[in-house]
Structures are given as C-alpha cells and as structure tokens.
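The values are calculated or read from the model by the stated rules, or taken from the named source; none is laboratory data. Everything numeric here is computed off the predicted structure, so don't read it as measured data. Cβ: placed from backbone, ideal geometry, glycine included. Neighbour counts: every protein chain shown. Ligands, DNA and RNA are excluded from the accessible area calculation, which covers all protein heavy atoms including side chains. Shrake-Rupley method; radii C 1.70, N 1.55, O 1.52, S 1.80 Å.
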Amino acid sequence: MSKIYVVGIGPGAYDQMTGKAIAALEKSDVIIGYTVYVDLVKEHFPEKEMMTTPMKREVERCVLAFDEAKKGKTVSMICSGDAGVYGMAGLMYEVGVNYPEVELEIVAGVTAATGGAAVLGAPLIHDFCLISLSDLLTPWEKIEKRLLGASQADFVICLYNPSSRKRHDYLEKACDLMMQYKSPETVCGIVANIAREGETAQVMTLKELRDTKVDMFTTVFVGNSQTKEINGKMVTPRGYRNV
C-alpha cells in the first residue's frame, strides 16, 4: 500500500523537529509542501525530490501528494508547526477519500503556540485556546464571538495569523473585543519568527498590545486574570499553591 506522511515540521529550526518527523522525511522519496516550508527543510534533505505549490493552492497540493503516492513513491506532505493544528491533516483525509489505496500517517510537530510559549516563559500553563484572526476561511463575525466567549471565560488566548496587509487592523479590533472582559493591564506577549532567523519576543500589557504592529509570522499570547510577568517572562500560574 502506498504511504503518505503528513508531517508537522515545527516552527522553523531543524532542531525543533521531532525525531519521528525527521525519520518520516528520511523514509520519503518526495517532500511536498508550501514553498516557504519546503525551503526550511531542503538543505537537510538534499537528496529528496521537492515539490511545491503556492499559498491558496492547498487542494491542488493534496492531489499532487496522492498522485505521487499512486506512482509507488513514499511521500511526505509537510506543514509548519503541527499538521493537525491549522495544518493539512484534515484536508488530506478529505481528499484521501478518493484514494483508498493510499495510507495516511499523521506525524505531530511543535505548533507555534507551544514553540512561542517556550520563548516567552510559561504563558500556557493553565486552560488556553487558539484562535486564528484570519477571516479567509472563517467569517469575522464568528471570530468575534470566539474572542468574546474566550475572554469572558478567562482563557489564556493564543492568536494565530494576527495581521496581514489586508487585515492590518485586526489585532487592534481583537484587543478592543477582549478588553470588554479582560483588564487593559492583562499581561500579554508576542513572538515573531519562532525558531527562525530574526526571532524576537516581547512582554507587554493588553493595552500596549492593541497598538503594536505584528505580521503573519507573529504569534500573540493574551494572558488570563492570573498571568503575571516574572523577570521579563510571561507566566500563568497553574494553581498548585498560592504564591
């Protein structure tokens, strides 16, 4: 039976890939992915055939992977972070209905939430949620409801895709929504280019975050009512004891 690994390659650096992810790529004849992600791994697997498609060609990319597998090749479809968190795993299963002879195996990776959290300190120690601010696939009205619901429930909130050229004010709008239930002094943090060249991190208040410029390579962390700053790090207590 033909095989496709759907591999989360982590936030960027080779040393943040899991051993299982590296093994899957080593076993593959072909590595397929969005151009930016293939560029992150190709120097470490120079003997592999590389195939790419641009952004917004996800279905075409999946079909390409299955067509290559049907030729008898072992294929890795790569995603940044974890393939099952805003990645390609779900779409691969949907497209795979038409390719019953091809076996899929999902290989977990370090997603931006956990990779960025490690840079900031310990912001995700208690209950948290992930919300993407991209309205490409989700209506903004639904994103608004999720932001309000998570804020009212006092979740730590991790924001993916916080801004782009077309959505330059979305983080500002999100902060205004969250401040309906969260204090403007809530401890927040941002990490840009996690585990890649130019990585930066900053801890700030929610009020300051509102006016901070970010891009698609930035992951945003908004604390809960207990989150604090300790020696420049963002820390959410678990509640083992009152400190």
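Determine if region 47-69 includes at least one residue that is touching a Cys at 6+ places or on another chain (Cβ under 6 Å) and not in a loop (DSSP other than H, G, I, E, B). Taking every residue of region 47-69 in turn, none turns out to be touching a Cys at 6+ places or on another chain (Cβ under 6 Å) and not in a loop (DSSP other than H, G, I, E, B). Looking only at region 201-211, which residues are crowded, with 17+ Cβ neighbours inside 10 Å and either charged (D, E, K, R) or at pLDDT below 95 (or both)? Once the filter is applied, which keeps residues that are crowded, with 17+ Cβ neighbours inside 10 Å and either charged (D, E, K, R) or at pLDDT below 95 (or both), region 201-211 yields only Arg210.
In summary, Val59 fulfils each of the numbered conditions (1) within 28 Å of Cys129 (Cβ to Cβ); (2) surrounded by 14 or more Cβ atoms within 10 Å (Cβ to Cβ); (3) among the β-branched types (Val, Ile, Thr) with the single exception of condition (2). Set side by side, the residues Tyr99, Tyr93 differ, and just one is surrounded by fewer than 17 Cβ atoms within 10 Å (Cβ to Cβ) and more than 18 Å from the chain's Cα centre (by Cα), which is Tyr93.
For Phe45, the stated conditions hold: it is among the aromatic types (Phe, Trp, Tyr), more than 21 Å from Leu91 (Cα to Cα) and in contact with a strand residue (DSSP E or B) (Cβ under 8 Å, 6 or more places away or on another chain). Hey, could you check region 156-195 for residues that are among the β-branched types (Val, Ile, Thr) and modelled with pLDDT of 95 or more and say which is surrounded by the most Cβ atoms within 10 Å (Cβ to Cβ)? Among residues in region 156-195 that are among the β-branched types (Val, Ile, Thr) and modelled with pLDDT of 95 or more, the one surrounded by the most Cβ atoms within 10 Å (Cβ to Cβ) is Val187.
Scanning region 33-56 for residues that are open to solvent by 60 Å² or more (accessible area, probe 1.4 Å), among the charged types (D, E, K, R) and either touching a Ser or Thr at 6+ places or on another chain (Cβ under 8 Å) or within 22 Å of Thr111 (Cβ to Cβ) (or both) returns Asp39, Lys42, Lys56.
One residue alone among Leu104, Leu120 is of a type in the set (A, V, I, L, M), open to solvent by less than 40 Å² (accessible area, probe 1.4 Å) and more than 30 Å from Asp29 (Cβ to Cβ), and that residue is Leu120.
So if I check each of Asp169, Asp127, Asp154, Asp176, which one is under 30 Å from Asp39 (Cα atoms) and among the acidic types (Asp, Glu)?
Answer to the selection: Asp169.
One line per residue, one yes/no per condition, for (1) outside any loop (DSSP other than H, G, I, E, B); (2) in contact (Cβ under 8 Å) with a residue 24 or more places away in the chain; (3) in contact with a strand residue (DSSP E or B) (Cβ under 8 Å, 6 or more places away or on another chain); (4) charged (D, E, K, R):
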{"position": "Tyr93", "(1), (2), (3), (4)": "yes, no, yes, no"}
{"position": "Pro100", "(1), (2), (3), (4)": "no, no, no, no"}
{"position": "Glu103", "(1), (2), (3), (4)": "yes, yes, yes, yes"}
{"position": "Ile106", "(1), (2), (3), (4)": "yes, yes, yes, no"}
{"position": "Val110", "(1), (2), (3), (4)": "no, yes, yes, no"}
{"position": "Gly115", "(1), (2), (3), (4)": "yes, yes, yes, no"}
{"position": "Val119", "(1), (2), (3), (4)": "yes, yes, yes, no"}
{"position": "Leu124", "(1), (2), (3), (4)": "no, yes, yes, no"}
{"position": "Cys129", "(1), (2), (3), (4)": "yes, yes, yes, no"}
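When Lys142, Lys173, Lys182 are checked against the criterion of being in a helix (DSSP H, G or I) and more than 20 Å from the chain's Cα centre (by Cα), Lys173 stands alone in meeting it. Given the condition within 22 Å of Asp176 (Cα to Cα) and open to solvent by 90 Å² or more (accessible area, probe 1.4 Å), answer yes or no: does some residue in region 231-242 qualify? No, there is no match, as no residue in region 231-242 is within 22 Å of Asp176 (Cα to Cα) and open to solvent by 90 Å² or more (accessible area, probe 1.4 Å).
If the condition is being farther than 26 Å from Ser225 by Cβ and among the hydrophobic types (A, V, I, L, M, F, W, C), then region 195-206 contributes only Ala195.
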